Amino acid sequence: MAFVAERPQGAMGMDGKGVSRRDFLKLAGSVGALAGMGAGLGSLLSACGETGGGTSTSESAGGSEQTSGQGTPTSVSTGAEQGKEIKVGVIVPMTGPLAEFGAPTDYIIPKVEEVTGGKIVTKDGKERKLIWIQNDSQSDSNRAAQVTGDLIQNDKVSLILAEGGPDSVLGPADQCEALGCPGLFCNLPWTAFVYGRGNDGKTPFQWTYAATVGTQENGRAALDAFNRFKPGHNKKVALLYPNNANGIEYSDMKTGIPPLLDEAGYSYVMPDLYPPGSEDFTAQISLFKKEGCELLMGSGVTPEFANFFNQAVQQGFTPPLMSNGIALLFPSAPAAIGPTATNLICECAFHPTLNYKSPLTGQTCQELADDYERVTGKQWTGILNALKLFEWAVDVFKRADNVEDPASIIEAVKTTKMETIQHSIDFTLPVGDKRRPHPNICIVPVFPGQWQKGKGKWPFDQVIVGDGGWSEFNPPIGGEVLQMTYGA
């Protein structure tokens with residue numbers, strides 16, 4: 001297996017206080033510049049993609065030293081000239097409240113190594129070792145930025161991949177821009193990727209691109225499910241959002257869910273954003289009951305949503321339909337709640353019944369889901385869509401004129417047009433197209449799903465119940481939208 005290690009880091013200042021992402025970038029630039037002068041490395045902007053002679057090493061999370069490329073096949077084809085190895089930094093949350101986003105990576109990286117043999121032939125005809133270096137963002141934006149800087153400046157990666165919501169992506173993306181390293185991203189709202197980084201919505205980023213969902217696109221998926229609910233409802237939505245990057249994005253009065261509901265003829269009740277990690281939702285539940293809300297939309301992580309849901313049922317807030325963005329992406333959320341969670345609405349980012357095939361592993365969506373369950377013993381998850389980052393990376397490396405030049409790599413990114421395990425990525429579409437709201441964004445569709453009672457070995461099955469406004473993608477709708485029963 002290729003080197004997949006982590007260098008333990010902190011995200012604290014010398015005074016013991018947290019360091020903001022912006023402050024950290026300034027600090028990283030200063031430290032890197034000093035290191036560059038001492039070693040004669042030159043500008044930080046040339047750091048990305050440089051590798052020294054010999055075999056690089058790094059400490060693993062447990063403190064033991066591992067050698068890059070350890071465990072990977074070392075045999076090479078006799079006819080190909082050998083080129084400099086390619087290193088890719090992978091930043092995902094493996095611990096903390098967003099850990100379920102990162103969990104599939106422990107399956108995906110070995111699978112990619114298996115099918116590539118740990119090497120790739122690039123456009124110049126040279127065969128190169130392909131090494132993935134995985135780091136845990138710990139669900140923290142400062143930590144995510146710090147390990148990204150380390151990967152770029154110390155490990156000399158040629159490319160950064162990151163996913164897992166704004167707190168795991170925005171820091172790495174900013175570091176890529178600051179240090180001149182290409183970066184590919186997914187699984188966060190595109191509005192957070194753009195506006196959350198101070199962009200005006202029009203100016204291109206130089207080094208960072210995302211093939212991802214959108215805040216309002218996710219909202220349209222939930223609205224599609226609500227509109228397909230045959231018994232009907234009063235179109236009054238309870239909005240429950242945390243006071244973090246994701247919640248701020250969803251609650252935004254210009255680009256978030258409120259204007260989308262206004263446009264669709266729905267009313268809403270939105271209390272103040274709750275502190276992340278909250279355990280008591282009595283105030284919000286009382287307000288939703290008082291206002292007569294018959295629908296719910298939210299974006300809390302699994303522990304938060306589970307607490308809210310259980311308290312809502314106990315306190316008599318049982319609307320016909322409930323949805324939640326982050327927690328309900330994962331089968332563990334309804335499984336942890338139990339039978340009362342039957343028919344919760346979710347966002348469907350990946351599904352075994354979708355008609356796609358990985359250009360990298362050769363698996364269909366169904367084969368990927370089945371193999372994940374076989375290898376891990378866990379139910380498939382929508383975040384298997386993160387395989388597309390690896391597919392995208394390999395595609396870019398094969399098309400780039402010079403994989404040792406960051407500018408050449410990013411030029412290949414700009415012209416990406418490919419099929420993936422989760423829809424297509426097409427940056428040749430003009431900006432202004434439905435899928436291209438910004439020069440650095442390609443939106444991937446999301447469909448409404450519902451956690452209906454399981455018919456097989458799992459307690460719940462995720463069923464696609466609509467197209468979310470993406471009828472042109474012809475998703476395989478597997479059933480009707482059912483009313484929640486709350487265990488009755």
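The values are calculated or read from the model by the stated rules, or taken from the named source; none is laboratory data. Quantities reported herein were computed from a predicted structural model and do not represent experimental measurements. Don't worry about glycine lacking a Cβ; one is built from the backbone with ideal geometry, like all the others, and counts go over all protein chains shown. Protein only, heavy atoms only, side chains kept; ligands, DNA and RNA dropped before computing areas. Shrake-Rupley method; radii C 1.70, N 1.55, O 1.52, S 1.80 Å.
Total residues in region 396-417 satisfying the condition of being among the acidic types (Asp, Glu) and buried (at least 21 other Cβ atoms within 10 Å of the Cβ): the figure is 0. Scanning region 431-459 for residues that are outside any loop (DSSP other than H, G, I, E, B), farther than 23 Å from residue 421 by Cα and in contact (Cβ under 8 Å) with a residue 24 or more places away in the chain yields 452, 453.
Applying a threshold of 8 Å to beta carbon distances and a minimum spacing of six or more residues, or different chains, the list of pairs starting in region 239-258 at a residue that is under 18 Å from residue 223 (Cα atoms) and ending at one that is in a strand (DSSP E or B) and among the β-branched types (Val, Ile, Thr) reads 239/269. Any idea how many residues of region 345-378 are part of a helix (DSSP H, G or I) and within 19 Å of the chain's Cα centre (by Cα)? Number of matching residues: 4. Scanning region 149-207 for residues that are farther than 16 Å from residue 132 by Cβ and of a type in the set (Lys, Arg) yields 197, 202. Could you list all residues from region 459-488 that are surrounded by 17 or more Cβ atoms within 10 Å (Cβ to Cβ) and under 25 Å from the mean Cα position of the chain (by Cα)? 460, 461, 462, 463, 464, 465, 466, 467, 468, 469, 470, 475 - these are the residues of region 459-488 that are surrounded by 17 or more Cβ atoms within 10 Å (Cβ to Cβ) and under 25 Å from the mean Cα position of the chain (by Cα). The residue pairs whose first member lies in region 111-123 and is within 16 Å of residue 404 (Cβ to Cβ) and small (Gly, Ala, Ser), whose second member is open to solvent by less than 60 Å² (accessible area, probe 1.4 Å) and at pLDDT below 95, and whose beta carbons are closer than 6 Å, counting only pairs six or more residues apart or on different chains, do not exist in this structure. Selection of region 348-364 for residues being over 15 Å from residue 112 (Cα atoms), touching a residue at least 40 places away in the same chain (Cβ under 8 Å) and either open to solvent by less than 30 Å² (accessible area, probe 1.4 Å) or among the hydrophobic types (A, V, I, L, M, F, W, C) (or both) yields 348, 349, 350, 351, 354. Just so you know, in region 236-251 the residues that are modelled with pLDDT of 95 or more and not in a helix (DSSP H, G or I) include one that is most open to solvent (accessible area, probe 1.4 Å), and it is 243.
Please report, ordered by residue number, the strands (runs of 3 or more DSSP E) entirely within region 143-235 with at least 2 residues that are touching a residue at least 12 places away in the same chain (Cβ under 8 Å), farther than 30 Å from residue 321 by Cβ and not hydroxyl-bearing (Ser, Thr, Tyr).
Numbers: elements: 159-163, 183-186, 208-212.
Correct list: 159-163, 183-186.
Going by the conditions given, is residue 323 hydroxyl-bearing (Ser, Thr, Tyr), closer than 27 Å to residue 84 by Cα and open to solvent by less than 40 Å² (accessible area, probe 1.4 Å)? The answer is no for residue 323. Considering only residues in region 118-140 that are part of a loop (DSSP other than H, G, I, E, B), closer than 20 Å to residue 167 by Cα and not charged (D, E, K, R), the one that is least open to solvent (accessible area, probe 1.4 Å) turns out to be 137.
Scoring residue 225 on the criteria (1) under 25 Å from residue 340 (Cβ atoms); (2) open to solvent by 10 Å² or more (accessible area, probe 1.4 Å) leaves a single failure, condition (2).
Looking at 421, 425 in this structure, which one is assigned to a strand (DSSP E or B) and within 19 Å of the chain's Cα centre (by Cα)? So that I can check it myself, show each step before the final result.
Details: 421 fails: assigned to a strand (DSSP E or B).
The unique qualifying residue is 425.
Scoring residue 262 on the criteria (1) open to solvent by less than 20 Å² (accessible area, probe 1.4 Å); (2) modelled with pLDDT of 95 or more; (3) under 30 Å from residue 438 (Cα atoms); (4) not in a strand (DSSP E or B) leaves a single failure, condition (1).
Looking at 477, 443 in this structure, which one is within 19 Å of residue 354 (Cβ to Cβ) and touching a Ser or Thr at 6+ places or on another chain (Cβ under 9 Å)? Outline the logic, then answer.
Values: 477 fails: touching a Ser or Thr at 6+ places or on another chain (Cβ under 9 Å).
From the options 477, 443, the qualifying one is 443.
Residue-by-condition table, conditions (1) of a type in the set (Val, Ile, Thr); (2) open to solvent by 10 Å² or more (accessible area, probe 1.4 Å); (3) more than 23 Å from residue 385 (Cα to Cα):
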residue	(1), (2), (3)
110	no, yes, no
116	yes, yes, no
142	no, yes, yes
176	no, no, no
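In region 271-320, the qualifying residues are those that are small (Gly, Ala, Ser) and in a helix (DSSP H, G or I), and the one that is surrounded by the fewest Cβ atoms within 10 Å (Cβ to Cβ) is 283.
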